[in-house]
Amino acid sequence: MSDVNWRELYRAAILELDPAMLQVRVKIAEDAINARLADAQIPRDERRDIDAALSALRGLKRLQR
């Protein structure tokens, strides 16, 4: 899974307005990020972006409860 792909899926999740679709998009983005994390050769700046994205997705999930 490419770097661009997880970023696009993350962006789609944080911009989603439909509560039903938000849950789906968050899950898809998390799956893409976790797939990217399986690569041991992630640059430090991308790792920082991934950590921030996961934190934001966790926040979205808390708001849904």
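Scanning segment 30-49 for residues that are polar (S, T, N, Q) and surrounded by 10 or more Cβ atoms within 10 Å (Cβ to Cβ) turns up just one, ASN34.
Looking for something of a type in the set (D, E, K, R) and in contact with a helix residue (DSSP H, G or I) (Cβ under 6 Å, 6 or more places away or on another chain) - is there at least one such residue anywhere in segment 50-57? Show your work before the answer.
Applying the first criterion (of a type in the set (D, E, K, R)) to segment 50-57 yields 51.
From what's left, in contact with a helix residue (DSSP H, G or I) (Cβ under 6 Å, 6 or more places away or on another chain): none.
No - not one qualifying residue is present in segment 50-57.
Restricting segment 34-65 to residues that are of a type in the set (A, V, I, L, M, F, W, C) and without any contact (Cβ under 8 Å) to a residue 24 or more places away in the chain leaves a set whose member that is farthest from ALA13 (Cα to Cα) is ALA40. Could you say which residue among LYS27, LYS61 is of a type in the set (Lys, Arg), at pLDDT 95 or above and surrounded by 10 or more Cβ atoms within 10 Å (Cβ to Cβ)? Going through LYS27, LYS61 in turn, the sole match is LYS27. Among the residues of segment 1-16, those identified as modelled with pLDDT of 95 or more and either farther than 20 Å from ARG65 by Cβ or not β-branched (Val, Ile, Thr) (or both) are TRP6, ARG7, GLU8, LEU9, TYR10, ARG11, ALA12, ALA13, LEU15, GLU16.
The values are calculated or read from the model by the stated rules, or taken from the named source; none is laboratory data. Since we're looking at a predicted model, the values are computed, not measured. Cβ sites come from the backbone with ideal geometry, for glycine too, and all protein chains shown count toward neighbours.
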